[in-house]
Amino acid sequence: MVEAPLDEIELLRRFFGLNQYEARVYIALLKRPMGLGEVSEAAKIPKPRVYDVVRSLESKGFVRNSGVELQAINPEVALPARRAALRAAFEEEDSKRHQAQIALIDSLKISSGYTLREPVILRGFEQVVALLYQVLPQSTQVMLTLNKALEAKAYFREAVKGAVGTGQQRRIMALIPMDVKLEREDFELIETLGAQVRLTAGVLLDTMVTDTDDVIIGLPDPSSTQSVPVVAVYVKDHAFASSLRDTFKKVWSTASAI
């Protein structure tokens, strides 16, 4: 029996595209090479599934089959190779998505009289990003307070960069908590966007307010099972946005530059 911690199996499933049976077999084979007939008991998977699971692991670069025994490929080799394969597959698929996006934007048109009904409740990362793509191109000034959103910043970097774009001058100001440690990728994004970032002890909520009176307030969603469990409220109101901008400016004036 393979006594592997759940986190090892879960990591192989979530980030390297193995299903549970494949992860179990790979971990079992890391213990020792074995024949096809031994795999079912060692990895605790149904015998009828062994052949297909092994073939799949071979195709994904985790197992070699000599015809006599099965041998696990060293994780130091298998995992980087699998990442490279997944990245290449994603880039190929994303290129196709981009072409489909161009075709669909050209053929699908929203009614000229269509407007969002407010307030709008946004559930999940994709809905928030879709709204950013809608409102940010219309603005020339964006004020952000970031707190919990920083815990999922890796998910938002490319989304924010894409939504903001590079063809328009836009002032972006962000307040973040004093104790946040920024990574190299964060500084690169700040430079790319030409953003100004200051540190303050008073950030409680994730908010965005633009000079076109768009307001988004985000909170973690404890009921969500998504990788970025977020729920947000969007409203477009001049008085509310003006009040938030005034409050932001007061905190900004006393905040520390990074």
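What follows draws every value from the coordinates through simple rules; no lab data is involved. All values derive from a computational prediction rather than experimental measurement. With ideal geometry, Cβ positions are generated from the backbone for all residues, glycine too; neighbour counts draw on all protein chains shown.
Can you compute the helix-only [θ] at 222 nm over the chain? Use -39500 (n - 2.57) per DSSP H run of at least 4 residues, normalise by all residues, nearest 500 deg cm²/dmol.
Working: 9 runs with 124 residues, N = 258.
The per-residue figure over the chain is -15500 deg cm²/dmol.
Compute the distance from the alpha-carbon center of the range 43-67 to that of the range 160-204, in whole Å.
46
Rounding to the nearest 10 and keeping the result within 0 to 90°, find how far the Cα-based axis of helix 50-59 lies from the longest principal axis of the chain.
60
Extending each Cα 7 Å along its Cβ direction at Leu182 and Leu108, get the distance between those two points in nm, one decimal.
For Leu182 paired with Leu108, the spin-label model returns 3.6 nm.
How about Lys161: which lysines have a C-alpha closer than 29 Å to its C-alpha, ignoring those fewer than 8 places off in the same chain?
Lys96, Lys109, Lys148, Lys153, Lys181, Lys236, Lys249, Lys250
Could you check which residue among Asp94, Asp214, Asp237 shows the biggest mean-square fluctuation in a GNM of the chain with a 10 Å Cα cutoff?
With Cα springs under 10 Å in the chain, the top fluctuation among Asp94, Asp214, Asp237 is at Asp94.
Suppose a student asked you for the relative contact order of the range 110-252, using Cα pairs under 8 Å spaced at least 6 residues apart; what percent would you report?
Values: 222 pairs, mean separation 43.7, N = 143.
Once divided by the residue count of the range 110-252, the mean separation gives 31 percent.
Can you tell me the length gained on complete extension of the stretch Lys161 to Ser256, counting 0.36 nm per residue apart and subtracting the Cα distance? Each step should come with its number before you reach the end.
On the way: separation 95, 0.36 × 95 = 34.20 nm, distance 2.42 nm.
Additional length available on full extension: 31.8 nm.
Can you tell me which of Gly202, Gly37, Gly218 moves the most in a GNM of the chain? Springs connect C-alpha atoms under 10 Å apart.
Highest fluctuation among the options: Gly37.
Expressed as an acute angle from 0 to 90° and rounded to the nearest 10, what is the orientation of the C-alpha long axis of helix 153-164 relative to the principal long axis of the chain?
The angle comes out near 50 degrees.
Given [x] 0.96; [y] 1.03; [z] 1.10, which label gives Rg/Rh (Cα atoms, Kirkwood Rh) as computed from the coordinates?
[z]
Restricting to bridges with both residues inside the chain, how much of the DSSP beta-bridge set is antiparallel, in percent to the nearest 5? All intermediate terms of the calculation are to be shown ahead of the outcome.
Values: 25 of 35 bridges.
Rounded to the nearest five, the antiparallel share is 70 percent.
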